[in-house]
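Enquirer: Quick one: the structure is below, questions incoming.
The values are calculated or read from the model by the stated rules, or taken from the named source; none is laboratory data. As the structure is a computational prediction, the values presented were derived from the model and not from experiment. Backbone-built Cβ (ideal geometry, glycine too); neighbour counts: all protein chains shown.
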Amino acid sequence: MPGSYLSKPSLATELDVSESTVDEMVRRGVLPRPVKLSAGCVRWRWADVDMALASLGAARNDPVIDESQAGVRLVLEAAKKHRRRAAS
């Protein structure tokens with residue numbers, strides 16, 4: 001499991017996506033906004049990111065799925081598998 005607070009590069013690595021994809025996921029509301037810890041220092045709370053991932057998984061059976069959301073879900077599911085393998 002990653003640390004409690006992640007920088008953008010660390011979060012991108014955990015999710016196995018680029019930093020620009022992290023920005024896009026935040027813009028679309030897929031991921032939560034980062035927390036500003038100090039001037040020039042923002043981090044994502046892993047618990048918040050994990051909840052966002054879980055809520056996407058719970059909505060997987062929803063018949064009304066936007067195509068871009070479906071693509072984001074695939075990326076996030078792959079990231080979850082990557083994290084599970086790294087944890088074991």
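Enquirer: In the range 12-30, what residues are more than 15 Å from A78 (Cβ to Cβ) and either assigned to a loop (DSSP other than H, G, I, E, B) or under 9 Å from the mean Cα position of the chain (by Cα) (or both)? Give the derivation first.
Expert: Initial filter on the range 12-30 (more than 15 Å from A78 (Cβ to Cβ)): 19-20, 23-24, 26-29.
Result: V26, R28, G29.
Enquirer: Still on this structure, I have one more. Is there a residue being at pLDDT 70 or above and not in a helix (DSSP H, G or I) anywhere in the range 53-63? Full working, then the answer.
Expert: Initially, the range 53-63 is screened for residues at pLDDT 70 or above, giving 53-56.
With not in a helix (DSSP H, G or I) added as a condition, the list becomes none.
No: the range 53-63 contains no residue that is at pLDDT 70 or above and not in a helix (DSSP H, G or I).
Enquirer: Take the residues in the range 18-36 that are surrounded by 20 or more Cβ atoms within 10 Å (Cβ to Cβ) and among the hydrophobic types (A, V, I, L, M, F, W, C), then tell me which one is farthest from L56 (Cα to Cα). Explain how you work it out, then say what you get.
Expert: Of the range 18-36, the ones surrounded by 20 or more Cβ atoms within 10 Å (Cβ to Cβ) are 22, 25, 30-31, 34.
Narrowing the set further to residues that are among the hydrophobic types (A, V, I, L, M, F, W, C) leaves 22, 25, 30-31.
Numbers: V22: 15, M25: 12, V30: 8, L31: 10 Å.
Among those residues, the one meeting the criterion is V22.
Enquirer: If you check V42, V35, V49, which single one turns out to be at pLDDT 90 or above and either of a type in the set (D, E, K, R) or under 10 Å from the mean Cα position of the chain (by Cα) (or both)? Spell out how you get there, then give the answer.
Expert: Values: V42 fails: either of a type in the set (D, E, K, R) or under 10 Å from the mean Cα position of the chain (by Cα) (or both); V35 fails: either of a type in the set (D, E, K, R) or under 10 Å from the mean Cα position of the chain (by Cα) (or both).
Just one listed residue meets the conditions, V49.
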